[in-house]
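The numbers here are math on the coordinates, done by the rules we state, and not lab data. Just so it is clear, the structure is predicted and the values come from calculations on it, not from any experiment. Here the Cβ positions follow ideal geometry from the backbone for every residue, glycine too, while neighbour counts run over all protein chains shown.
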Amino acid sequence: MRPASLFSGVAFRSALLFLLVFAVVLTVAGIAILRTTEGSMTDQLRSSITEDFDLLRDANVTGGETELVKFIKAAVATRSDKQSEFGLFKLSGRRIAGNVTVAPTFRGWGLLPLEPGQTADNRFLGYVEMLDDNMVVAGRSQRFVETESGVILNSLILSGLVICLAALGIGYFLNRGVSQKLAVIDRTLAEVSHGNSEARLPVGRSNDQIDHVSRQINAHLDRLSELLANMRNTIVAIAHDLKSPLHRAYMLLQEAADESAPLAASSKLTRATGELETLGGVLDTVLRISRIGTSNDSSTFTRFSAAVLVQDLAQTFEPVIEAAGQTLRWAAVPESGADVFGDRKMVQQMLVNLIENASRYAGAGAVIELSIRADEGGTIVTVADSGPGIPADKREEVFEPFRRLSESRGTPGSGLGLALVKAVATRHHARVTLGDNHPGLRVTVYFPPLPAGASLGAERAAASSRPPGESTLPQPLREAATNFTAK
């Protein structure tokens, strides 16, 4: 994969956008600053010229034209910086005194005419007024204003260039860092695609968006690695578990084909059919676990009363468990306060598996307890038994498909019951924990609080209107529970 250009990255484009906005702002602000500065300095020039003119008026009042000529000559002689101009003219335009050689054509404020040898960048701002029958002129050079304006303009341009270069440099190096991190992500994902399921993305200390994305990708890679490992283990376990039933079914079919007695052949065919049905049930369970684990469809999720479901299961399994020489204890629970948001059939199958596992492996005379309660907004369902239990170091392994405590493949069960329980719990964001019941095993399922807006359907109304003792479980499940025999 060809690496992306550093100049096409988000950071660099953001820097360019910043520069565009900055250029517009700097231009507007620069114009405003120049206008304000020039206006302020021009006001200072006007103030200085006004002060000079006040002195000229005083001279005219004191001694008329003679005093004006004397004041102007003295001012021209003492101000040798060539920043001031004075002039005294008759109405005819004849110059009487001063260093202004050309009589202005305006009255009031304006720019004085250029003197011989004077350049356009050194214009004088002047004020012209008639004192008696004489035209009096006083002016000051604008070179200072223009010089200072040029300095400000050059400073703004220089600072703008420095900021632009700095922004481009920062954008380049930021984008370079981002590109390097993206290149690492690309290489890591390439390793994963080539079969290295252990490859993970490095997470820096900056905790930026890419580090956050890297954590998320690592979490997904962990999940993917776990799914791949489970898939490999499942395939191996399926092959191992299906080999014996297939072999038995094959041998029974061979024997039935060679059997001359019709009754004996029919018996062998019936046994072979049973083996094949067992295989079909195992494969169907595997497919159900796979569908539950990979599906994101929540269209069948509704809010329902888990208390009603537990009560129905207890009523359905109680006579069956008693017939097996065991005892089922359960406390009547209120129909409200223990609601769950999910697929009722999935949750029902999960609880059925837990009850059947408890009865199957607890042994004769065992006590099985079934309870439900609301806790901190969630719902907790517990299935406990007084059997031998599960060692603490094996409690996580039993959730894996085809994993059984007994390594003998001749023992009852397929090792998929708790795997299905785990899949349903994960699908409902529930938490399943195995603990010690002293003695026996205690399985606790914690369902999270209801999501906002989850409304209870027609189940509660139907449950409240049904006759006491009548189960809401479907007929196939009631028949399956009746046919279930604890081993």
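Length gained on full extension, residue 194 to residue 82, computed as 0.36 nm times the residue gap minus the Cα-Cα distance: 31.9 nm. Label separation (residue 155 vs residue 50): 2.6 nm, computed from points 7 Å beyond Cα along the C-beta direction. Measure out, as a whole number of angstrom, how far apart the alpha-carbon centroids of the stretch 320-379 and the stretch 41-93 sit. Using only Cα atoms to place each centre, the spacing works out to 112 Å. Each of 205, 442 has some number of other Cβ atoms within 10 Å of its Cβ, and from fewest to most they run 205, 442.
Mean projected area of the convex hull spanned by the Cα atoms of the stretch 141-210, taken over all viewing directions: 6.4 nm². For the pair the stretch 120-146 / the stretch 178-201, the C-alpha centres are spaced 77 Å from each other.
Residues 127, 250, 172, arranged from fewest to most other Cβ atoms within 10 angstrom of their Cβ, appear as 250, 172, 127. Listed by Cβ neighbour count within 10 Å, with the fewest neighbours leading, 222, 211 appear as 222, 211.
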